[in-house]
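Take a look at the structure set out below.
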Amino acid sequence: MDAADILVLAGRRDAVAFADGLGASTLRLSAALPAPRREVAGPFDSALGRGWRGVICAAHPFDPAPAARVAALWPDLPCALHPAPAWGAEVPGSAAWAHAPDVAAAVRAMPPGLRLFAATGRESEAALAGYDGTVFLRQNSLHNAPPSAPNVRYHFTLAADYDEGSEAALFQARGIGALILRNTGGRRGLGKVL
């Protein structure tokens, strides 16, 4: 298949670079991303229906909607996922990380009574509610919804980047004993694990 016949759904900076390197057309899922070399104008549904022979979904790791929309609109169109590069062994302290298949398993592995900080999205709140201790769940946008469990507290952070100093200060001020995060890679969220 020729790269010109492929559409990359880019929701991350590394996805734009990937599409440019491949020579594929790119539909940016966020205007904040750099402009790709071969940009396709939206809206999403009409851009998707332009006769592509394949789609590569490189959306933000927390956003399953683009791949689901491709499957709903064009069920016979091949759609591959391009995952974000994970934080690897080059990150200091990564040897001490404990990996879990999902948030519920991570919660079960935690010793009781710690103050946890979770950056796992609101959809993980039910699993976090099962923890025997206080959980601070990061929220990147303001809302008025109350937490669904008495042990969960929302922590609102509206900054786009989380640097090492601000994250360390936050965790110290809250008395955080452990973190639960998705290993989604990328420089923007790396401050929380350094």
Discussion item. Please count how many residues of segment 54-74 are open to solvent by 60 Å² or more (accessible area, probe 1.4 Å), of a type in the set (A, V, I, L, M, F, W, C) and outside any helix (DSSP H, G or I).
Written reply: 2
Worksheet item: If CYS57 passes every condition in (1) modelled with pLDDT under 90; (2) touching a Pro at 6+ places or on another chain (Cβ under 7 Å); (3) not small (Gly, Ala, Ser) but one, which one does it miss?
Response: (1)
Item to complete: Report, by residue number, each residue of segment 1-24 that is open to solvent by less than 10 Å² (accessible area, probe 1.4 Å) and either without any contact (Cβ under 8 Å) to a residue 40 or more places away in the chain or assigned to a helix (DSSP H, G or I) (or both).
Response: ALA15, VAL16, ALA19, ALA24
Worksheet item: Hey, PRO36 hits all of (1) in contact with a helix residue (DSSP H, G or I) (Cβ under 6 Å, 6 or more places away or on another chain); (2) part of a strand (DSSP E or B) but one; which does it fall short on?
Response: (2)
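The values are calculated or read from the model by the stated rules, or taken from the named source; none is laboratory data. Here the structure is a predicted model, which means the values were calculated and not measured. Cβ atoms come from the backbone with ideal geometry, glycine included; neighbour counts cover every protein chain shown. With ligands, DNA and RNA removed, areas are computed over all heavy atoms of the protein, side chains included. Shrake-Rupley method; radii C 1.70, N 1.55, O 1.52, S 1.80 Å.
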